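**Q** My questions all concern the structure below.
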Amino acid sequence: MKARITSVRLKSIPPRPLIVNRITHVCPTALLTLVMAASGLAQTPSITVVSAASYQPAVAPASLASLFGSNLASNPMSATLDANGQLPTQLGGVTVYVNGEAAPLIYVGTQQINFVIPADAPMGSVTVNVQTQFGNAGSATVQVNTTAPALFSTNASGSGAGAILNAVTYTPAPFLVTTSANTGGDQRTRLAIYGTGIRYAGNPSLDSSITNIASNITAQASDAFGGTYNLTIEYAGAAPGYFGLDQINVVLPPDLDRTQTVSLLIDTSNASSNTVTFRMNALPSSAIQLAGLSIAPAYVIAGATATGTVSLNGRASSSGVIVALNSSVLAAQPPISLTIPAGSISATFNLNTSFVATSQMATITARANGASQTATLQIDPQSTAQVQTFTVAPTSVQGGGAVLATVMLSLPATSGGGATIALTSDNAAVQPPNTIAVPFGRQTATVSIPTSVVMTQQTATLTATYGQSSVQTKLIVNPAFTLTLAAASVTGGNSIQGTLALAAPSTGNISFTLRSNDSSAQAPVSIIVPTGQGSVSFTVTTSQVSAARTVTFTASSPSFPAFTQTTTLSVNPPAAATLKSISISPSEVKGGQSATGTVTLAAPAPAGGVAVTFRSSSIAAQVSQSVLIVPQGATSATFQITTITVSSSQTASITATAAGISQIATLTVN
């Protein structure tokens, strides 16, 4: 359920990471209050480009960014949409260029510009320039990644309470784990979480037709009591009607009932967001209801025991919740009742089964607080045969070869035609016959399973099914040989090791030809794997380069006709000793205490070292030295931050600058 927006008009209320004036939609004020809160990041004379949500120095295509500096515009001005509903690329005589492309502008001020990273911005370090009617107002570099997940916070500091709303009622925290306004039987609360830099997760080609990337990210919640939960994500993508704003809709599990403050972060597999929080309220005792009943396994042979689980929509109150249980058949008998303890959301029970002459389906019913839930269990006679074991030999094979699969039943096949067992595979490289027949009076049968030639190692899961029972086994299919390098990249002039490995030890000398498509990286042209060995190592030497090159190595052998393996190596020029990051530990101190900062370079400092200058946004926290020299050969250096006593908490932004590149870290002074 995404927020619906019918019109958008923009106005300036500087300084803010996002400036929006009037929005007509189903939640006219709540989202503005949360996402568009005043920025806590102070303005500094140096040019810095950061995510508008987390203030981290990484952004993504079509994400919201903020640029901080001085003398950026003559007068504050906010954007209005043009006749086509688009943002302008020039505002008050100001244009922001990202890698030479004019970016859509939201707000320009003397010390801050809010804009949208162009959707076709290239990946990597890009240059951002600010041009005014008086000329160039400054430039900076920013890292553009496919994703740069960042969550908005209500105080616009990048931490603390998140810009999060109930996705149905559009009310802010605190939340309950259920929402009565939900239609249908599922009353679980949905939250709408607002951020930026998320919409292209799992979509490296930036395909705009992919609008919901819920399956490509995770949302992890942690409560104050040490519990951690992966939230179910129903939608993740662009927030309709907003430029650069992303929205994630999650389902609150009953576990979060009564958990007070919950921390939340988003992970896109290649990056994690900043952490924000939201508050939870407690469901009243009168609202606690039975929410589910499950039985595992759903099928047993008579005499076996299954496990039942009853669950609530929230945490049981101080007296616990008594659940009554009954069964539709005598062959499956749960206890008469059980108690879900105070503070818990579920409890389990044993479901014992007894003799049956024919298959029976038992319906188990749980009742508590006026609500009921049901689940079923199939009980088969003890004379019912099941798949007991399913094995393959060998468990790994060279692609193109075959393995023997053996299935064993728990009892001899009794029907006249024997027992027919279904076989399936989840990998096209391994295709067993559809069935295997166990003859009458026998318990086992064996069949040959062929495999296909593969270029990379494949793992297939094979399943044997008979009646209600099934057993799985795995088979690894290897290429005839593999070609690997110890690293994917190397600085020109250095060498790395490579390996040629066979799927199985050789029965004789096997010769290989190894070719490179670029002279900047060379390996031996002829390599021999001796008899009885499974692999051989070799050395790749490289030359110094002025620009990065990608070298492809190709291995072939007359022993494996029509089969080759390739791998690539990036040969890079020496890295520049640019400023990579700044960190502060601890990130929160009491006024009067000190903290330690660390600046890190992307490569060892050259002769003479690298000079780093500092600025602080607050007099409450000051760097003890205005210039720090990272000595020759070092990649990092530390500095001290002193603080003074304050009457209320303050967040200071410490900006480190070296050779025109700036990085920011924050320190909270209490």
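**Q** Exactly one condition in (1) within 37 Å of the chain's Cα centre (by Cα); (2) among the small types (G, A, S); (3) surrounded by 15 or more Cβ atoms within 10 Å (Cβ to Cβ) is not met by A419; state its number.
**A** (1)
**Q** Testing G185 on (1) under 30 Å from Q373 (Cα atoms); (2) surrounded by fewer than 17 Cβ atoms within 10 Å (Cβ to Cβ); (3) touching a residue at least 60 places away in the same chain (Cβ under 8 Å), one condition comes back false. Which one is that?
**A** Result: G185 passes all but (3).
**Q** Could you run through segment 512-524 and say how many residues are in contact with a strand residue (DSSP E or B) (Cβ under 6 Å, 6 or more places away or on another chain), in a loop (DSSP other than H, G, I, E, B) and either among the aromatic types (F, W, Y) or surrounded by fewer than 16 Cβ atoms within 10 Å (Cβ to Cβ) (or both)?
**A** Start the filter on segment 512-524 by keeping residues that are in contact with a strand residue (DSSP E or B) (Cβ under 6 Å, 6 or more places away or on another chain), which leaves 512-518, 520-524.
Cutting the leftovers down to in a loop (DSSP other than H, G, I, E, B) gives us 517-518, 520, 523-524.
With the extra rule that they be either among the aromatic types (F, W, Y) or surrounded by fewer than 16 Cβ atoms within 10 Å (Cβ to Cβ) (or both), the set shrinks to 517, 524.
Selection size over segment 512-524: 2.
**Q** Oh, and also: So which pairs qualify, if the first residue must be in segment 537-565 and in the same structural domain as D518 (by TED's automatic domain parsing) and modelled with pLDDT under 95, the second must be among the aliphatic types (A, V, I, L, M) and part of a loop (DSSP other than H, G, I, E, B), the Cβ gap must be under 6 Å, and the two must be at least 6 apart or on different chains?
**A** Note: pairs meeting the criteria are F560/A480; F563/A480.
**Q** Among T554, T542, T596, T578, which is the only one that is surrounded by 14 or more Cβ atoms within 10 Å (Cβ to Cβ), of a type in the set (S, T, N, Q) and under 30 Å from S626 (Cα atoms)? Talk me through it step by step, then tell me what you get.
**A** Numbers: T554 fails: under 30 Å from S626 (Cα atoms); T542 fails: under 30 Å from S626 (Cα atoms); T596 fails: surrounded by 14 or more Cβ atoms within 10 Å (Cβ to Cβ).
Only one candidate qualifies: T578.
**Q** Just need a number here: residues in segment 190-207 that are surrounded by fewer than 23 Cβ atoms within 10 Å (Cβ to Cβ), touching a residue at least 24 places away in the same chain (Cβ under 8 Å) and part of a loop (DSSP other than H, G, I, E, B).
**A** Final tally of qualifying residues: 4.
**Q** Which residues, taken from segment 599-633, are under 34 Å from the mean Cα position of the chain (by Cα) and loosely packed, with under 15 Cβ neighbours inside 10 Å?
**A** A602, A603, listed by residue number.
**Q** Run down V490, V471, V454 and say which single residue is crowded, with 19+ Cβ neighbours inside 10 Å and in a strand (DSSP E or B). Explain how you work it out, then say what you get.
**A** Working: V471 fails: crowded, with 19+ Cβ neighbours inside 10 Å; V454 fails: in a strand (DSSP E or B).
Exactly one of V490, V471, V454 is crowded, with 19+ Cβ neighbours inside 10 Å and in a strand (DSSP E or B), namely V490.
**Q** Next question, about the same structure. Identify the residue in segment 337-375 that is part of a strand (DSSP E or B) and among the β-branched types (V, I, T) and, among all such residues, is farthest from the chain's Cα centre (by Cα).
**A** Step one: of segment 337-375, the residues part of a strand (DSSP E or B) are 337-340, 346-353, 360-368, 371-375.
When the remaining residues are screened for being among the β-branched types (V, I, T), the result is 339-340, 348, 353, 363-365, 374.
Working: T339: 37, I340: 34, T348: 32, T353: 43, T363: 40, I364: 39, T365: 39, T374: 35 Å.
Per the stated criteria, the residue is T353.
**Q** Test of understanding: among T465, T507, which residue is surrounded by fewer than 18 Cβ atoms within 10 Å (Cβ to Cβ), in a strand (DSSP E or B) and either at pLDDT 95 or above or outside the structural domain of S396 (by TED's automatic domain parsing) (or both)? Walk me through it before giving the result.
**A** Details: T507 fails: in a strand (DSSP E or B).
Within the list T465, T507, the selection yields T465.
**Q** Only one of these conditions is not met by I301: (1) modelled with pLDDT of 95 or more; (2) closer than 30 Å to S359 by Cβ; (3) surrounded by 15 or more Cβ atoms within 10 Å (Cβ to Cβ). Which number is it?
**A** Going through (1) modelled with pLDDT of 95 or more; (2) closer than 30 Å to S359 by Cβ; (3) surrounded by 15 or more Cβ atoms within 10 Å (Cβ to Cβ) one by one, I301 breaks only (1).
**Q** Within the bounds of segment 586-597, is there any residue that is aliphatic (A, V, I, L, M) and in contact with a Gly (Cβ under 9 Å, 6 or more places away or on another chain)?
**A** Pass one, segment 586-597, residues aliphatic (A, V, I, L, M): 589, 595.
Next cut, in contact with a Gly (Cβ under 9 Å, 6 or more places away or on another chain) only: none.
Within segment 586-597, not a single residue is aliphatic (A, V, I, L, M) and in contact with a Gly (Cβ under 9 Å, 6 or more places away or on another chain).
**Q** Within segment 564-619, work out how many residues are in contact with a Lys or Arg (Cβ under 9 Å, 6 or more places away or on another chain) and over 30 Å from T552 (Cβ atoms).
**A** Going through segment 564-619 one residue at a time, the tally reaches 3.
**Q** Hey, among S311, S317, S337, S327, which residue is of a type in the set (S, T, N, Q) and at pLDDT below 95? If you could, list the steps in order and put the result at the bottom.
**A** On the way: S311 fails: at pLDDT below 95; S337 fails: at pLDDT below 95; S327 fails: at pLDDT below 95.
Of S311, S317, S337, S327, the one residue that is of a type in the set (S, T, N, Q) and at pLDDT below 95 is S317.
**Q** Right, next: Among the numbered criteria (1) in a loop (DSSP other than H, G, I, E, B); (2) modelled with pLDDT of 95 or more, which one does Q378 miss?
**A** Only one criterion in (1) in a loop (DSSP other than H, G, I, E, B); (2) modelled with pLDDT of 95 or more is unmet by Q378, namely (1).
The values are calculated or read from the model by the stated rules, or taken from the named source; none is laboratory data. Predicted model, so just to flag it, every value in this text is computed and none were measured. Cβ sites come from the backbone with ideal geometry, for glycine too, and all protein chains shown count toward neighbours.
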